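What follows is a set of notes on a single structure, which appears directly below.
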Amino acid sequence: MSQEVKDGVSFLIEPKGQLFISKDVVNTLNNYRQSKPGNTEAGGILLGRQYEYKPDITVDEITTPLTTDTRSRYSFYRSIGHHNVAVNRWKQSDGCCLYLGLWHTHPEAIPIPSSVDFDDWTKAINNGVFEGDNLFFVIVGMEQLCCWQGTRTPIYKRVIRRKIDFKQLRFAHE
């Protein structure tokens, strides 16, 4: 994968700070790249930490495909088992291990989110229980790992509703 740094991969996040994905997580993600025609999509959730006194976030765990997931060359359905793992990790860590977002693979060199991806991400933001107003979405391509930040922002108009904005993140070490 491109843009690896010595200890993992970092992305700039808005409004300021970095999303750091640990080397162990990057190596695991690398193992699921769809580099051969028979490889199916894989996915899971991102788990990690937010810091109290700085705007940085660290992904140091992920879930990997479960037998209850549905996988094909061009699709991945994440089963409830991933949610159960996240809840258990949160409890075991006394609330320090947080749900930070989703990841999956694409059979393309540099991944581009599909309309199905955006729908999945929107549901995660609207229906998910998570700290703060951001989730992160990683797509692992055959050559590059890319990340998007989804932000849940309240908009106050005649009716209160939420606007969701997805921004592709830049590597911190470009």
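Things worth noting here:
Table: residues versus (1) more than 15 Å from the chain's Cα centre (by Cα); (2) in a loop (DSSP other than H, G, I, E, B).
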site: Val26; (1), (2): no, no
site: Leu29; (1), (2): no, no
site: Thr68; (1), (2): yes, yes
site: Arg71; (1), (2): yes, no
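- Scanning region 80-136 for residues that are surrounded by fewer than 19 Cβ atoms within 10 Å (Cβ to Cβ), over 18 Å from Leu169 (Cβ atoms), under 14 Å from the mean Cα position of the chain (by Cα) and not charged (D, E, K, R) yields a count of 2.
- Of all residues in region 59-76, those satisfying the criterion of being within 17 Å of Val26 (Cβ to Cβ) and either of a type in the set (D, E, K, R) or at pLDDT below 95 (or both) are Asp60, Glu61.
- If you check Leu19, Leu12, Leu102 for being within 14 Å of Val140 (Cβ to Cβ) and of a type outside the set (Asp, Glu), only one passes: Leu102.
- When every residue of region 24-32 is checked against the conditions, none turns out to be farther than 20 Å from Phe166 by Cα, at pLDDT below 90 and among the hydroxyl-bearing types (Ser, Thr, Tyr).
- Residue match in region 88-101 (condition: of a type in the set (Asp, Glu) and in a loop (DSSP other than H, G, I, E, B)): yes
- The test for being buried (at least 16 other Cβ atoms within 10 Å of the Cβ) and outside any strand (DSSP E or B) does not hold for Glu14.
- Residue list for region 67-122, restricted to those being within 22 Å of Arg152 (Cβ to Cβ) and small (Gly, Ala, Ser): Ala86, Gly95, Gly101, Ser114, Ser115
- Within region 31-43, being free of Cβ contacts under 8 Å to residues at least 60 places away in the same chain and not in a loop (DSSP other than H, G, I, E, B) holds for one residue alone: Asn31.
- Any hit, region 77-87, residues being outside any loop (DSSP other than H, G, I, E, B) and in contact (Cβ under 8 Å) with a residue 40 or more places away in the chain: yes
- Residues satisfying the stated conditions in region 124-144, i.e. assigned to a helix (DSSP H, G or I) and either under 27 Å from Asn31 (Cα atoms) or touching a strand residue (DSSP E or B) at 6+ places or on another chain (Cβ under 8 Å) (or both): Ala124, Ile125, Asn126
- Residue satisfying all of: in region 109-142; β-branched (Val, Ile, Thr) and over 17 Å from Ala42 (Cα atoms); modelled with the lowest pLDDT among these: Val129
The values are calculated or read from the model by the stated rules, or taken from the named source; none is laboratory data. Keep in mind the model is a prediction, meaning the values are calculated, not measured. Positions of Cβ are backbone-derived with ideal geometry, glycine not excepted, and every protein chain shown enters the neighbour counts.
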